[in-house]
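Undergrad: Here it is, the structure in full.
The values are calculated or read from the model by the stated rules, or taken from the named source; none is laboratory data. Here the structure is a predicted model, which is why all the values come from computation and not from measurement. Cβ coordinates were reconstructed from backbone atoms using ideal geometry, including for glycine residues, and neighbour counts include every protein chain displayed. Side chains are part of the model used for accessible areas, which takes the heavy atoms of the whole protein and leaves out ligands, DNA and RNA. Shrake-Rupley method; radii C 1.70, N 1.55, O 1.52, S 1.80 Å.
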Amino acid sequence: MNMREPLGVNGIAWESVCAHLDDRGYAPIPGVLAEKTCEEIAGYYAEDNRFRSRIEMSRYAFGRGEYKYFAYPLPGIVQQLRSSIYPHLAALANRWAERLGRKTDSFPQTLAEFLERCHRAGQKRPTPLLLKYGAGDFNCLHQDLYGEIVFPFQITFFLSQHGRDFEGGEFVLAEQQPRRQSRVEVLSPEQGAAIIFSVHHRPVRGTRGYYRANLRHGVSTVHSGQRYTLGIIFHDAK
């Protein structure tokens, strides 16, 4: 399976994407996956052998809906996306860590090296997941933290078409800066698009250097239809 040409991961204007990500804490990327690829990935949801666990959000007060974590080995397209996108984000991840004064080791240039670090720390369970929403479902604002080692970015791929496959279900980002009201972004990407965004916080320049802004993400209520997304988190879980 190949990502749609001529864009694909290698055709993305990564300098522009990283500049937007650095400035706003998120970056939308249109048209990454072809419609057939989206349909194939969404179809994985019915194949239980591909997954290590299934979560009903209502059981844990996460919202309503459900999702499944992939098991290793990941499906080829999921592994391709995860391993090919990571190197484009590692340099910015290191700049963010430096601005925030973190003393941890720098993020390596390849996903394999980073996952080796996760696994040495006991974070060995894969975190890429498929999410499924129906009418009345939603996802509360949250952060995807699975252990002490955290890569600061994650990515969501939109596998369903807003307005055709479902209504409602907007992607929501909320940023809280110190001593300010929360800033909210509400997005409705097209099928095949992706959004890269901050996992938990980002550096924002102030008059006395950089300070930490806290970010959370979620999904507004789906009014009708079914909505599928693929979430790729780069650190593994304990």
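Undergrad: Within a Cβ distance under 12 Å of residue 104, other residues only, what is the Lys/Arg minus Asp/Glu net charge? List each step's numbers first, then the result.
TA: Details: positive: 102, 103, 117; negative: 98, 105, 148.
Overall, the nearby charge balance is 0.
Undergrad: Round to a whole number: what % of the accessible area of the chain belongs to carbon and sulfur, probe 1.4 Å?
TA: Carbon-and-sulfur percentage of accessible area, whole number: 48.
Undergrad: Checking the cross-link filter: which lysines have an alpha carbon closer than 17 Å to that of residue 68, excluding same-chain neighbours under 8 positions apart?
TA: List returned: 124, 132, 238.
Undergrad: Relative to a virtual label point 7 Å from the Cα of residue 210 in the Cα→beta-carbon direction, which members of segment 99-127 show backbone nitrogen distances below 18 Å?
TA: Correct set: 99-109.
Undergrad: Apply the membrane-span-like helix rule to the chain: whole DSSP H runs, Cα extent along the own long axis of at least 20 Å, mean Kyte-Doolittle hydropathy at least -1.0. List the helices found.
TA: Helices meeting the criterion: 76-99.
Undergrad: Let me ask something else about it. Hey, what number do you get for the chain at 222 nm if only DSSP H runs of n ≥ 4 count, each worth -39500 (n - 2.57), divided across all residues, to the nearest 500?
TA: For the chain, the value works out to -7500 deg cm²/dmol.
Undergrad: With the cut-off at 1.5 for a/c, could you classify segment 12-75 from its C-alpha gyration tensor as rounded, prolate or oblate? Intermediate values should be presented prior to the final figure.
TA: Details: a/c = 2.49, a/b = 1.53, b/c = 1.63.
Judged from the Cα gyration tensor, segment 12-75 comes out oblate (a/c at least 1.5, b/c at or above a/b).
Undergrad: Hey, what's the chain come to in accessible area per residue, 1.4 Å probe, Å²?
TA: Per-residue accessible area for the chain comes out at 48 Å².
Undergrad: Which of rounded, prolate or oblate describes segment 105-238 when judged by the alpha-carbon gyration tensor and an a/c cut-off of 1.5?
TA: Oblate.
Undergrad: Note the listed values (i) 57, 44, 31; (ii) 48, 40, 39; (iii) 47, 38, 30, then indicate which one is Cα extents along the principal axes in Å calculated from this particular structure.
TA: Calculated Cα extents along the principal axes in Å: the matching label is (ii).
Undergrad: Classify segment 36-137 from the C-alpha gyration tensor, please: rounded if a/c falls under 1.5, else prolate or oblate depending on whether a/b exceeds b/c.
TA: Cα axes put segment 36-137 in the prolate bin.
Undergrad: Pick out which of 133, 86, 60 has the largest mean-square fluctuation in a Gaussian network model of the chain, springs linking Cα atoms closer than 10 Å.
TA: Most flexible of the set in this elastic network: 60.
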